[in-house]
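Chemist: Below is the structure I would like to discuss, written out as structure tokens.
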Amino acid sequence: MNVAKLSTSIGLSARVAASASGEFDYDLFTLGAGSGGVRGSRFASSYGAKVAVAELPFDYVSSDTKGGVGGTCVLRGCVPKKLMVYASEYADDFKAAAGFGWAVPHEHVTHSWTAFIEAKRKELQRLNGAYKNTLKNAKVELIEGRGRVVDGHTVEVDGKRFTARNILIAVGGRPTKLPIPGAELCITSDEALELPDCPKKVAVLGGGYIAVEFSGIFSRMGSEVHTVFRQPLPLRGFDEEVRKFAAEQYAAAGLHLHPGVTPQSVARQPDGKLSLTVAHADGSTETLTGLDQVMMATGRVPNTANLGLAEAGVTLGKRGQVLVDEYCRTSVPSIWAVGDVIDRIQLTPVALMEGMAVAKSVVLGQLTSPDYWAVPSAVFSNPEIATVVRPSCGGWGVVVDAASQKVVGMHMVGAEAGEIMQGFAVAVKVGVTKAQLDSVVGIHPSAAEEFVTMRTVTRKVRKDA
């Protein structure tokens, strides 16, 4: 007899019986129906728990009263942004077509921004409905409204209280603005996805992946783009060679990069346009004028304001993030948290992984820790950037640990980098060695074959003990 399975079965039966007997309204109550919340709720229900999830009514731009099932990624992040990337890439395709014999009069090709936004909206409406159906089919009760935590076993949604054996916080994050004069005149990524017109001239503040992606999108759509960031290079945290190459490619594509400067203020000009004043390291200032939009892509913060967490005893970090242990459990044993609200790795697949782990922990009684080793990521810039790397490792191409000869990281800049890196992420995750990688026969001609044909060591890094 499997004692572990027996104890799990008994524990699950006891929990379900407790809910059925009326001790709690639900086994699990989730605040937030984004990627992590939906995944955790679905799996908890599939394990036999009675589950409810609270989410704000749907809208394209989030606020204190609007959100929508699907969360940031589906409604105002990954999905609509990728649709914008796809739309913008056609501009390059039209230009390149002549080299393959196509007679495409690029100067006569037009794009309807209004038609694109309408098509994007229809797709987001469809996805919002699909996610609602996913919850319904999983027997997860959806309660529409703004939720808050009352105590370790009680939540309140628009004035109505519910009890739960466990509570899952999955409310995500939101874009933040720099505290400078004129910040109210600026847009964030939320509004950038809903602009009524494509700006002819735009300044993008920030050097992270969101700023880099939107800079590329606007540029390919025909905008004059000025990307402003404080660091010498964009994409802090990425490999230095990747950062340099990305900056070179953007400059070559006609984007105006403004490194090492700090935004000071934004103002409305008499003609209705915007102006942006920035400060250089030497103290001098420069003003960019005639801007249609100023987009702040200067970071995101967890959505923990007015959620009642601190009052319920949940410990928060300096940025407002929910502090959790290795199992995503907060300082209150019955309250758990996943996704952007815990401010670990702000990626949808990571939130999905965390949601599944919590479902196992709270319903099956199997404490499960998310595995953050070798998490792949991509920047949908032009060219695209993708990486999978063990924490603290960097490098260009293939990164190999000299002692074990295991591949501990891979980087790529080029077309379809994200698609290519997903497959190699599996190899890095399972501990592939350089010799094993070398033994693979490549697909020719392809970009991906470069990873199995690299033989020359281009850089050695020694880390002292």
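Chemist: Among (1) assigned to a helix (DSSP H, G or I); (2) in contact with a strand residue (DSSP E or B) (Cβ under 8 Å, 6 or more places away or on another chain), where does I217 come up short?
Modeler: Going through (1) assigned to a helix (DSSP H, G or I); (2) in contact with a strand residue (DSSP E or B) (Cβ under 8 Å, 6 or more places away or on another chain) one by one, I217 breaks only (2).
Chemist: Also, quick follow-up: Just wondering, is there one or more residues in segment 156-166 that are among the small types (G, A, S) and crowded, with 17+ Cβ neighbours inside 10 Å?
Modeler: Looking for residues that are among the small types (G, A, S) and crowded, with 17+ Cβ neighbours inside 10 Å, one finds at least one in segment 156-166, hence yes.
Chemist: Of all residues in segment 87-135, how many are under 23 Å from the mean Cα position of the chain (by Cα) and surrounded by 12 or more Cβ atoms within 10 Å (Cβ to Cβ)?
Modeler: Looking only at that region, the number is 19.
Chemist: Still on this structure: Grab the strands (runs of 3 or more DSSP E) fully contained in segment 101-182, keeping just those with 3 or more residues being closer than 25 Å to V350 by Cα.
Modeler: Filter on segment 101-182 gives 140-144, 147-151, 160-169, 173-175.
Chemist: Only one of (1) in contact (Cβ under 8 Å) with a residue 60 or more places away in the chain; (2) over 25 Å from P80 (Cβ atoms) is not met by P383, so which one is it?
Modeler: (2)
Chemist: Have a look at A386, A425, A402, A359 and point out the one that is of a type in the set (A, V, I, L, M, F, W, C), in the same structural domain as L168 (by the TED database) and either within 20 Å of the chain's Cα centre (by Cα) or under 30 Å from E326 (Cβ atoms) (or both).
Modeler: After applying the criteria, what remains is A359.
Chemist: Where the second residue is of a type in the set (S, T, Y) and the first is within 18 Å of V400 (Cβ to Cβ) and lies in segment 443-462, which pairs have Cβ atoms under 9 Å and are six or more apart or on separate chains?
Modeler: V452/S439
Chemist: Scan segment 20-27 and tell me whether some residue there is more than 19 Å from the chain's Cα centre (by Cα), over 15 Å from P349 (Cα atoms) and among the hydrophobic types (A, V, I, L, M, F, W, C).
Modeler: Yes; the residues of segment 20-27 include at least one that is more than 19 Å from the chain's Cα centre (by Cα), over 15 Å from P349 (Cα atoms) and among the hydrophobic types (A, V, I, L, M, F, W, C).
Chemist: Consider V61 carefully, then state whether it is assigned to a loop (DSSP other than H, G, I, E, B), surrounded by fewer than 22 Cβ atoms within 10 Å (Cβ to Cβ) and hydrophobic (A, V, I, L, M, F, W, C).
Modeler: Taking the combined requirement at face value, the residue satisfies it.
The values are calculated or read from the model by the stated rules, or taken from the named source; none is laboratory data. Being a predicted model, the structure only gives us computed values, none of them experimental. Cβ atoms come from the backbone with ideal geometry, glycine included; neighbour counts cover every protein chain shown.
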